[in-house]
Amino acid sequence: MIDIAAEPYAFSFDPPRAALLIIDMQRDFLEPGGFGEMLGNDVSQLRRTIEPNRRLLAAWRAAGLMVLHTREGHRPDLADLPPAKKIRGRSATCIGDPGPMGRILVRGEAGHDIIPELYPVAGEPVIDKPGKGAFFATDLHAILQNRGISQLVVTGVTTEVCVNTTVREANDRGYNCLVPEDCVGSYFPEFQAMGLNMIKAQGGIFGWVGTSKDVIAALKQ
Ligand code: C5J
């Protein structure tokens, strides 16, 4: 076990039992001209996480540990898209409609794919999820159990939505989660702060919050 500085207290890192889970670093959420920006969001709030994620991913791969990626999206026929999710927001353009990078949040479309800076390599499972949480309606839990994983370092976007939902789902399934704060992002600075506070409050009610620098230092030990 290697202690990683974190809040509310040090995280006991057990490398063979740990996986890096990178949530929804998709072009439509992060790239200028994508769906996120089209909705009026400031994508620079998410793009600042790319470089820390890139460094962490490189160190994690160099250590030979498990990496998984997720993508939020739906079948091209939208059969797995709940009507309530489709109409939520009353936007003129919604999931499944043509967007700046293909049909919005539809599997196989350019905007649905992972940004080139963090693109998965062979052997890294990509979990296609229809919901916010990465455990809902996916084989993530089975894949992690089969590999003996009990700890997750969770990064990606957005802090208060898919990262938080996934950390909560993981917590209920018995995983210990560490969230490096520089590797998660929200379009809204106040939600970034509160999203992290909600994880680490009350003695780490859902998990731990640390930094990529300290995780990378532990990986190099
Ligand atoms: C959202 C996500 N915000 N990946 N998705 O709709 O957080």
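The values are calculated or read from the model by the stated rules, or taken from the named source; none is laboratory data. Remember, predicted model here, so these are calculated numbers, not experimental data. Every residue, glycine among them, receives a Cβ derived from its backbone with ideal geometry; neighbour counts consider all protein chains shown. Just so you know, the surface numbers come from the protein's heavy atoms only, side chains and all, with ligands and any DNA or RNA stripped out. Shrake-Rupley method; radii C 1.70, N 1.55, O 1.52, S 1.80 Å.
Explain nothing, just the number: relative contact order of the chain, from Cα pairs under 8 Å at least 6 residues apart, as a whole percent.
28 percent
How large is the accessible surface per residue of the chain, computed with a 1.4 Å probe and reported in Å² as a whole number? List each step's numbers first, then the result.
Details: 9630 Å² over 221 residues.
In whole numbers, the chain has 44 Å² accessible per residue.
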Spelling out what I want: for every residue of region 47-57, take phi, set θ = phi - 60°, compute 6.51 cos²θ - 1.76 cosθ + 1.60 (Karplus), and round to whole Hz; glycine and proline get x. 5, 5, 8, 5, 5, x, 5, 4, 5, 5, 4
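List the chymotrypsin sites (Phe, Trp or Tyr not before Pro) in region 1-72 that DSSP assigns to loop (not H, G, I, E or B) and whose Cβ has at most 16 other Cβ atoms within 10 Å. Which are they?
Details: sites: TYR9, PHE11, PHE13, PHE29, PHE35, TRP60; in loops: TYR9.
The qualifying sites are TYR9.
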Counting only protein chains, not ligands or nucleic acids, how are LEU65, LEU178 ordered by accessible area (probe 1.4 Å), most first? LEU65, LEU178
With the cut-off at 23 Å, tell me which of the pairs LYS86/LYS129; LYS132/LYS200; LYS200/LYS220; LYS86/LYS132 have Cα atoms farther apart than that. LYS200/LYS220
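Express the carbon and sulfur contribution to the solvent-accessible surface of region 1-140 as a percent, rounded to the nearest whole number, probe 1.4 angstrom.
Values: 3430 of 6290 Å².
Here it works out to 55 percent.
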Give the range of the longest stretch in the chain that excludes all trypsin sites (Lys or Arg not before Pro) found in loop regions by DSSP and having at most 16 other beta-carbon atoms within 10 Å. 1-47
